[in-house]
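The structure appears right after this line, and notes come after that.
The values are calculated or read from the model by the stated rules, or taken from the named source; none is laboratory data. Note that this is a predicted model, so its numbers are computed, not measured. Here Cβ is always computed from backbone atoms with ideal geometry, including for glycine, and neighbour counts include all displayed protein chains.
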Amino acid sequence: MRRRWCCGASGAFAKTPAAAEDGSLSCPADDVAPRRTGTTLTATAHIITAVIGAGVLALPHAVAMLGWIAGPVCIFLFGALTQVCSVLLADCYIIDDKINNTYSEVVAACYGRWAVIGIGVVQHVNLVLVTLAYAITAPQSLQTIANSVCQQKGSSSCFNNYNIWAIIFGASQLIMSQLPTVDSLWLASFIGAAMSFGYSGIAIGMSAAEIDGNPQGTLGGASFDSPAKKAFQALNALGAILFAYNFSIQLVEIQATIKTERPPGPVASMRRAITVSVLVMTSIYLAVACTGYAAFGNAVPGSIMTAFTSPAWLVDLANAMVVAHLGPAYQICIQPTFQFLEAKMEASPRNPHWNRGLMLRLWFRSLFVVFLTFLAILMPFFGSIIGLSGALSFWPVTVAAPIACFIKVHQPPGRTRVWLQTLNFATLVVTLAACVGAVYDGNLGFLPKKRCRRGKGKCKSFPKDDAAKPPHLTAFMGYKAGMTHIVRDVEKPGSKLHKKETAEAVTIIETPPMVVVGIVGYVQTARGLRSLNTVWAEHLSEEVKRRFYKNWYKAKKKAFTKYVKKYADGKKEIEAEVAELKKHCCVIRVLAHTQVRKVPIAQKKAHLMEIQKAHLMEIQVNGGTAAQKVDFAYDLLEKAVPVSSVFTQNEMIDAIAITKGHGTEGVVTRWGVSRLPRKTHRGLRKVACIGAWHPARVGWTVARSGAMGFNHRTEMNKKVYRIGVKGEASHSATTEHDVTVKDITPMGGFPHYGVVKEDYVMIKGACPGVKRRVITLRKSIFPQTSRKALEDVRLKFIDTSSKFGNGRFQTSEEKAKVLGRIKA
């Protein structure tokens, strides 16, 4: 006997025998449920329309952040995860012989009213946000097409106003929103699915043409200046992939469109639709992501379509397909929210009898679409938080709720339940990580860094202490003199460059001995380090005393006079303070200052014979016990410490300095603000609202013009090529291969600096800051095990030709020998 699937007015689902002898099928007389005309094919079209396009164009950038291995693997794994959880949700469509037509009804049938409230908030908020993103993206694509057409025709007046296109797109959605259900959109869904295949195919084809036999990309993905930034960018890429698979929110509503009058029924049909849809989506995702990354490598933009400029007609066609796809996708995303809110209003006892059906749909949906269009015009940047919204909703809607409902309804055996819960927990961890990455990668990406108040780099951290080593200093300060270049042999056994000459740029930093004038002790607290006491030396030079007083001529007679009295009575008070440091402190640092008078830095008020201010800093003492550190620091008081006692040749160090200032710039350079149309706006570079009336101040996140540069920067792992000591052979530029007697200072001196007379440090490459600016040098905070760090550097030649032009001669004697006597 044939069985048929019937749905009664109450939503009850039953198998009833066929009554007619001719084989015709009929439902009971009380079956007054809405007619369902969907099939597996239409359900597949609905799913593809709702999903593809939401995030497919951003997947190449996501793969660029993850690399060739992790990127495609994550796309495949998340596709498999979505397929499994979606099938579990489809199996919960019928619970206790009752059909559940919405996602909220499935959750309510399993866990009651409070669960519905929680999951409903997540579902409908996410649907509204995604719909708003479509309302923003479609006008932008239309605006791009208009600009392209104007450029091709050379027209000066373009119909390219974003607000007008947003209103036009909103008007089209105003008409489409009057369709009663998702089932009424079957034709639009087929068109949308075709368009999604179309622009995805264009992206794949143009990317493949761009490859041209030379694929780009790396196994580990894009590299950044810090591991933390790389980690956050990778987590944000996971959020983009999660958002691309986030279609379970509409799944039950799509399943409710499938026919129930004949086998195999909506559950089996939906299973097939899910499998086919996920397979097609994953294939398209992998194709777009991999070809886009292979074409542009780590430089791929956030949306792959923005990377192409020609042929213009093909780019315009792709943007037109995006718009044609976003129209049906807009409706598929917002229809569940429409039906939910309308059902709540119709069920309310206060709802008038005329406010039902067509009349309710007419005014409510129209008002809702107008409101979303207004938001799209008001906040065209709102799409930046959609990645966060997708990451937040993926776990509760796509994974957690389907698994919980399946376990509640079908009671699977123990092993199945364990691996489902394990899958649930793992997805929660990934989702939270993606949320962290999305928050870190927010819309303040162009935020200018804070300018420094002083021109001296500060050591915010020091190398890790090792008590097994003897006490030693970990930092030093010098003054940037200039740059030159050297020639050396590469020492890399096994490499093709081994024993071959290479020319490299180096920086010369003049480092007069620093004078230790104090000891600072720190104790460890729950909130970090806290200074316990400071012990100063008995005699301080005026160049360091001036650092503590604004008006030196009024204060120099009494500067440090009270502290000197502690040394008058046999240093008893000083010895007590030193003993206290030994007993309680875990971190010991010395206060040392530079001898600025020994470097060729001009005085600001030379006619007044002013003494320049020395640069003072704390230098941490590492090695030994606390008592040994204090004794070591106490012995250094009032002594000059040379740079050769802190650093050695071939050592890796860090350079901390303040970068060069670049003057005042506008909002375009500082914040990336786009220029406005010249005819419709008075100012071309204005930003939006600059803040509320109260408090009456402009927030620091508002894009305003300001100065650039003069930022605190730390450059890691600078190799020391030579340490020159004043009065010794190492101070010269003579090497084993170049025996010419010449000083490290080039002919004519270093530009904007002068002659280097004191000790100096030669480091590889450049370092931040301008000439004569103080540079803080610190021992590397990481253990150095790389081949570059362990390489033994032996210089063959140091260039000392003039830096004021294209210098020809290394010494004055060589110049005189070639050019002869120069007339006076």
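Things to note:
- When the stretch 88-102 is filtered for residues that are out of contact with any Ser or Thr (no Cβ under 8 Å at 6 or more places or on another chain) and assigned to a helix (DSSP H, G or I), the ones remaining, listed by number, are L88, A90.
- Check on T102, buried (at least 17 other Cβ atoms within 10 Å of the Cβ), within 35 Å of the chain's Cα centre (by Cα) and either small (G, A, S) or at pLDDT 75 or above (or both): no
- Single unsatisfied condition, R597 versus (1) over 30 Å from E538 (Cα atoms); (2) free of Cβ contacts under 8 Å to residues at least 60 places away in the same chain; (3) not aromatic (F, W, Y): (1)
- The residues in the stretch 454-490 that are assigned to a loop (DSSP other than H, G, I, E, B) and hydroxyl-bearing (S, T, Y) can be counted, and the count is 2.
- Once the stretch 65-81 is narrowed to residues that are crowded, with 23+ Cβ neighbours inside 10 Å and farther than 18 Å from S200 by Cβ, the residue that is modelled with the highest pLDDT is L66.
- A single entry from A166, A109 fulfils the requirement of being in contact with a strand residue (DSSP E or B) (Cβ under 6 Å, 6 or more places away or on another chain) and either assigned to a helix (DSSP H, G or I) or of a type outside the set (V, I, T) (or both): A109.
- Of the criteria (1) in a helix (DSSP H, G or I); (2) surrounded by 13 or more Cβ atoms within 10 Å (Cβ to Cβ); (3) among the aromatic types (F, W, Y), which one Y553 fails: (2)
Residue-by-condition table, conditions (1) over 16 Å from Q612 (Cβ atoms); (2) without any contact (Cβ under 8 Å) to a residue 60 or more places away in the chain:
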{"residue": "V535", "(1), (2)": "yes, no"}
{"residue": "E542", "(1), (2)": "no, no"}
{"residue": "W552", "(1), (2)": "no, yes"}
{"residue": "A555", "(1), (2)": "yes, yes"}
{"residue": "K562", "(1), (2)": "yes, yes"}
{"residue": "E575", "(1), (2)": "yes, yes"}
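- The residues in the stretch 344-358 that are surrounded by 12 or more Cβ atoms within 10 Å (Cβ to Cβ) and not in a loop (DSSP other than H, G, I, E, B) can be counted, and the count is 2.
- Against the test of being in a strand (DSSP E or B), of a type in the set (K, R) and in the same structural domain as R597 (by TED's automatic domain parsing), the options K718, K757, K726 yield a single qualifying residue, K718.
- Scanning the stretch 512-536 for residues that are at pLDDT 95 or above, in contact with a helix residue (DSSP H, G or I) (Cβ under 8 Å, 6 or more places away or on another chain) and farther than 30 Å from V756 by Cβ yields a count of 1.
- Residue within the stretch 508-529 that is among the acidic types (D, E) and within 37 Å of the chain's Cα centre (by Cα) present: no
- Among residues of the stretch 683-736, those that are of a type in the set (F, W, Y), surrounded by 15 or more Cβ atoms within 10 Å (Cβ to Cβ) and more than 29 Å from the chain's Cα centre (by Cα), counted: 1
- Residue list for the stretch 221-241, filter: surrounded by fewer than 15 Cβ atoms within 10 Å (Cβ to Cβ) and either in a helix (DSSP H, G or I) or at pLDDT 80 or above (or both): P227, A228, K229
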